[in-house]
Amino acid sequence: MWIIIAFFLFLLAGIIVLLPFFKPSAPSAPDEAVDPKLLALYTRRDQLYQAIREAKFDLDTGKLSPEDYERQVTRLKRQAASVLKAIDKREANLVPPEWDEQIEEQVRAERRGRTAARPVMVTAPAAATAGPARYCPQCGTRLNPGDRFCPACGARVH
Ligand SMILES: [Zn+2]
C-alpha cells in the first residue's frame, strides 16, 4: 500500500517540478527575461518564411499553378511584413540591459556633477572669508572680502 502512496507522491512531485515547462501559453510575467510575445512573433515569422519556401517548392514540383503560387506568396509576404512590423515595434520597446547600464551611468554622472557643483559654490565664499583679514591702508577699516574700495573712506584697495 505505502508503495502506491509513495509512487503517487513521487508522481505529484514530478508533475509540480515539470509543470512550468508545459505551459507556454501562460500569461507572461512582466519581469521575464525573454518576451514571450516577441518569441511568438519570431515563431510566426519563421512559419511564414517556411510557408513561402514550401509554396516555392510546390510551384517547382507542379503542385501549385503559377497563379496560385503568386496569390499564396503575396498573402504570405503581406502577413510576414505585418509580423516583422510587430517585431520591430516590440523590439523597440525592449530596453537592452546595456542601455539600462548606460542610463544608470548617466544618472550617476549627473548626480556626481550636482554634488560636485554644490561644494564649489559653498567653498568659494568660505575660502574668501577664511583668507587673511584686509584693512584699508588709508583709514584702517576692516574690508569685506572682494572689496576693491574701502567702504568707509572710498580709498582704492588691492
Ligand atoms: Zn578707508
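For ARG134, the residues 5 or more places off, or on other chains, whose built amide H falls under 5 Å of its own are LEU143. Note on ALA86 and ALA40: the model spin-label points, each 7 Å out from Cα along the C-beta direction, lie 0.8 nm apart.
In the neighborhood of ASP60, defined by Cβ-to-Cβ distances under 11 Å, what is the net charge if each Lys or Arg adds +1 and each Asp or Glu adds -1? Within the 11 Å Cβ shell, the charges total +1. Straight Cα distances below 20 angstrom link LYS37 to the aspartates and glutamates ASP46, ASP88, GLU91, with same-chain residues fewer than 8 positions distant left out.
The numbers here are math on the coordinates, done by the rules we state, and not lab data. Fair warning: this is a prediction, and the values are worked out from it, not measured in the lab. A quick note on method: Cβ atoms are made from the backbone with ideal geometry, for glycine too, and the neighbour counts reach across all protein chains shown.
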